[in-house]
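Chemist: Below is a structure I'd like to ask you about.
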Amino acid sequence: MCASGFVALAGLCSYALLARPYVEVSDGGVLVRNPLVTRHLAWPAIQHVDGRYGLRITTAYGTVSAWGAPAPTGLARARHHDGPAAQAVTSRLEALRAAGHLDDPR
């Protein structure tokens, strides 16, 4: 009985730490959901995106790391390429800046 309770608890903890985190890129900004906190980052607040070792987004209010974003591996990391989540955030941010939507963020 005790062993099955331990297995169930271990499975629940694994789900909470590994399956729940995610990053969602939308028109309103970036939603970063980590196991303990969820952050919504508006596009005008994002200053820098770093994807070499996962996803780290620097905003006017601090840095947010995403647990659910995969890091590049092997040659991609050696060549300083960003991971797929960082590429998605960066391309959307650049498109919004190029269209002039972030010129006056009031």
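Chemist: Is it true that some residue in the stretch 44-55 is open to solvent by 70 Å² or more (accessible area, probe 1.4 Å), closer than 20 Å to Leu96 by Cα, assigned to a strand (DSSP E or B) and charged (D, E, K, R)?
Modeler: no
Chemist: State all residues of the stretch 56-71 that are among the hydroxyl-bearing types (Ser, Thr, Tyr), open to solvent by 30 Å² or more (accessible area, probe 1.4 Å) and part of a strand (DSSP E or B); if no residue qualifies, say none. Can you show your working first?
Modeler: Pass one, the stretch 56-71, residues among the hydroxyl-bearing types (Ser, Thr, Tyr): 58-59, 61, 63, 65.
When the remaining residues are screened for being open to solvent by 30 Å² or more (accessible area, probe 1.4 Å), the result is 58, 61, 63, 65.
Selection gives Thr58, Thr63, Ser65.
Chemist: For the list (1) at positive phi; (2) open to solvent by 40 Å² or more (accessible area, probe 1.4 Å); (3) within 10 Å of the chain's Cα centre (by Cα), I need the number of the one condition that His80 fails.
Modeler: (3)
Chemist: In addition: Which members of the stretch 2-43 meet the condition of being surrounded by 15 or more Cβ atoms within 10 Å (Cβ to Cβ), under 17 Å from Ala95 (Cβ atoms) and modelled with pLDDT under 90?
Modeler: Within the stretch 2-43, no residue meets the criteria.
Chemist: Same structure, new question: Which of the following residues is on the phi < 0 side of the Ramachandran plot and assigned to a loop (DSSP other than H, G, I, E, B): Leu93, Leu36, Leu9, Leu75?
Modeler: Leu36
Chemist: List pairs: first in the stretch 29-57 and under 12 Å from Ala86 (Cβ atoms) and in contact (Cβ under 8 Å) with a residue 40 or more places away in the chain, second among the small types (Gly, Ala, Ser) and assigned to a strand (DSSP E or B), Cβ under 8 Å, 6+ apart or cross-chain?
Modeler: Final answer for the pair search is Ile46/Gly29.
Chemist: Across the stretch 66-102, what is the number of residues that are in contact (Cβ under 8 Å) with a residue 12 or more places away in the chain, of a type outside the set (Lys, Arg) and closer than 18 Å to Val30 by Cα?
Modeler: Of the residues in that region, 19 qualify.
Chemist: Further question: Can you tell me which of (1) modelled with pLDDT under 90; (2) polar (S, T, N, Q); (3) touching a strand residue (DSSP E or B) at 6+ places or on another chain (Cβ under 9 Å) is the one Thr73 doesn't meet?
Modeler: Against the list (1) modelled with pLDDT under 90; (2) polar (S, T, N, Q); (3) touching a strand residue (DSSP E or B) at 6+ places or on another chain (Cβ under 9 Å), Thr73 comes up short only on (3).
The values are calculated or read from the model by the stated rules, or taken from the named source; none is laboratory data. The structure displayed is predicted, hence computed values, not measured ones. Neighbour counts run over all protein chains shown; Cβ positions are idealised from the backbone, glycine included. For the accessible areas, the whole protein counts, side chains as well, though only heavy atoms, and no ligand, DNA or RNA atoms are used. Shrake-Rupley method; radii C 1.70, N 1.55, O 1.52, S 1.80 Å.
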